[in-house]
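To start, the structure under review is shown below, and the notes come after it.
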Amino acid sequence: MESQFLSRATSFAGGIPSLRKLHRDATTNSHHVAFVHTRPIAEGANLIWGRQLRPSLLLDTPHLVSAKRETIRPTFAAASSSPAGGSDSAGEAKVAPVGFLEKYPALVTGFFFFMWYFLNVIFNILNKKIYNYFPYPYFVSVIHLVVGVVYCLISWAVGLPKRAPIDSTLLKLLIPVAFCHALGHVTSNVSFAAVAVSFTHTIKALEPFFNAAASQFILGQSIPITLWLSLAPVVIGVSMASLTELSFNWTGFISAMISNISFTYRSIYSKKAMTDMDSTNVYAYISIIALLFCIPPAVIVEGPQLLKFGFNDAIAKVGLTKFVSDLFWVGMFYHLYNQLATNTLERVAPLTHAVGNVLKRVFVIGFSIIVFGNKISTQTGIGTCIAIAGVALYSYIKAKMEEEKRRTKVA
């Protein structure tokens, strides 16, 4: 009994200097202190319960560091340096502060997906609303790229990101990519202006079919029969949707098909133009070159009409402020959602990105039907669902094959 009493007294007395030190640290760093609730933390023979005084920015008081220390979440996240004089003994290991992005990577990736979907849906809705009172897709396509290019130039000017230098060799490789990007972008907008947004996206679901055909017959790559079979539902679904689409017209249909072919060739040329340059800079250069390709047809095809009555009619319908504001924001949303799509691809595996891209199309089709109240026939609805399911199946099989190829190369 006496030995137990002396042991406890010694433990209590030994803890007093630590408590005094904790009090001094709390007094010195009073502007970094917050009360947080914790679970019991084991330290030697002592237990610390309930409300505990801890630096809220760092929460790594060296007095409480142990081999099996539990991680305690601070009341708010912020970067901070270690408090002065925080080590009791020489050679004690210090825990480096972990940033929010490194601590919660899944949450950050989820945020990228959310913003990608959100900006894409907003772009498609605002884009179609503009075409309802200003049906000039060539000019609007130019505006999309102009706003994006200005955004890139400002970003370069402030160093976010730092502009990567480009030489003549890389420029020659990027020109075909930019041309296909410009053609696909313009024809997509022609289709958006001519038919319902949901129908255009249903037709654009055929893009994997054109990618597979180009890989097989142009690049000479062997496409497995399983991939071709997975594309059958896509072709059948798009055919069903097209036959009974209430907003169907040949301008919208053919333009969407040309867009599919253009983006297929863009993928082919992109593989030839692989570079060590980061994706943000590559997309900026592609946008600048694509803009130069888009301006001439916009001036030739729509220039005279715009000068005669195009601008005046739009301003008379919605006013100058709304007209300019709509054009600015639709261009900003276009650039940001494309940039986020690229950044998301860098954070996830190809399979995850492929599935996410399919779900994005489902979101756009669904929201466009709700917002614009587009009436669709039962056959069109069923065909759209079949086409989307086929794209999902194709994307899953293709991504699995690419993963197996990478594993084989590593092995």
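The values are calculated or read from the model by the stated rules, or taken from the named source; none is laboratory data. Bear in mind that the values here come from a model prediction, so they are computed numbers and not experimental data. Cβ coordinates were reconstructed from backbone atoms using ideal geometry, including for glycine residues, and neighbour counts include every protein chain displayed. With ligands, DNA and RNA removed, areas are computed over all heavy atoms of the protein, side chains included. Shrake-Rupley method; radii C 1.70, N 1.55, O 1.52, S 1.80 Å.
Only one residue in 227, 291 is modelled with pLDDT under 90 and open to solvent by less than 30 Å² (accessible area, probe 1.4 Å). Which one? Explain how you work it out, then say what you get.
Numbers: 291 fails: modelled with pLDDT under 90.
Selected residue: 227, the only one of 227, 291 that is modelled with pLDDT under 90 and open to solvent by less than 30 Å² (accessible area, probe 1.4 Å).
Pick from 360, 317: which is exposed (fewer than 15 other Cβ atoms within 10 Å of the Cβ), in contact with a helix residue (DSSP H, G or I) (Cβ under 7 Å, 6 or more places away or on another chain) and touching a residue at least 24 places away in the same chain (Cβ under 8 Å)?
On the way: 360 fails: exposed (fewer than 15 other Cβ atoms within 10 Å of the Cβ).
Exactly one of 360, 317 is exposed (fewer than 15 other Cβ atoms within 10 Å of the Cβ), in contact with a helix residue (DSSP H, G or I) (Cβ under 7 Å, 6 or more places away or on another chain) and touching a residue at least 24 places away in the same chain (Cβ under 8 Å), namely 317.
For region 382-411, which positions are in contact with a Ser or Thr (Cβ under 8 Å, 6 or more places away or on another chain) and among the polar types (S, T, N, Q)?
Within region 382-411, 384 is the sole residue that qualifies.
Taking residue 271 as meeting all but one of (1) buried (at least 20 other Cβ atoms within 10 Å of the Cβ); (2) of a type in the set (Lys, Arg); (3) out of contact with any helix residue (DSSP H, G or I) (no Cβ under 7 Å at 6 or more places or on another chain), write down the number of the exception.
All conditions pass for residue 271, except number (1).
Which condition does residue 211 not pass, out of (1) closer than 24 Å to residue 381 by Cα; (2) touching a residue at least 24 places away in the same chain (Cβ under 8 Å), if it passes all the others?
Answer for residue 211: the failing condition is (1).
Just a yes or no: is a residue in region 101-110 closer than 26 Å to residue 285 by Cα, at pLDDT below 95 and part of a helix (DSSP H, G or I)? Spell out the reasoning first.
Going residue by residue through region 101-110, those that are closer than 26 Å to residue 285 by Cα are 109.
In the following step, the residues that additionally are at pLDDT below 95 were identified as 109.
Those left that are additionally part of a helix (DSSP H, G or I): 109.
Yes, because at least one residue in region 101-110 is closer than 26 Å to residue 285 by Cα, at pLDDT below 95 and part of a helix (DSSP H, G or I).
What's the number of the condition residue 379 fails, among (1) among the polar types (S, T, N, Q); (2) open to solvent by 50 Å² or more (accessible area, probe 1.4 Å); (3) modelled with pLDDT under 85; (4) touching a Ser or Thr at 6+ places or on another chain (Cβ under 8 Å)?
(3)
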